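The values are calculated or read from the model by the stated rules, or taken from the named source; none is laboratory data. Since this is a predicted model, take the numbers as computed values, not measurements. Glycine gets a Cβ as well: all are built from the backbone with ideal geometry, and neighbour counts include every protein chain shown.
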Amino acid sequence: MSGSSAGQCSAYAAEQVDVILARAIGRKENTPDVETAMDRVVAPMMYRILFRPSGLEAAYARRLVTELLDAGEVAGQ
């Protein structure tokens with residue numbers, strides 16, 4: 001599936017999340033692994049964008065990120 005449009009989109013999103021997490025690691029912040037971030041932030045956002053876009057606001061994305069970080073699922077643990 002990696003050659004499909006969906007696979008390419010997923011790979012691109014994972015690459016971008018990896019860049020964000022690498023920057024956080026560089027600042028000595030605890031970070032989740034890429035797959036956890038994809039499951040907890042990217043996947044719900046994509047679902048909302050595709051199937052329930054009305055009322056979608058930045059506050060929703062901030063809440064997802066806050067919940068991910070508050071869960072304390074740190075890479076390598």
Hey, any hits in region 31-48 for a residue that's small (Gly, Ala, Ser), surrounded by 10 or more Cβ atoms within 10 Å (Cβ to Cβ) and either free of Cβ contacts under 8 Å to residues at least 12 places away in the same chain or assigned to a loop (DSSP other than H, G, I, E, B) (or both)?
-> yes
Run VAL74 past the list (1) surrounded by 13 or more Cβ atoms within 10 Å (Cβ to Cβ); (2) modelled with pLDDT of 95 or more; (3) of a type in the set (A, V, I, L, M) and report the number of the one that doesn't hold.
-> (2)
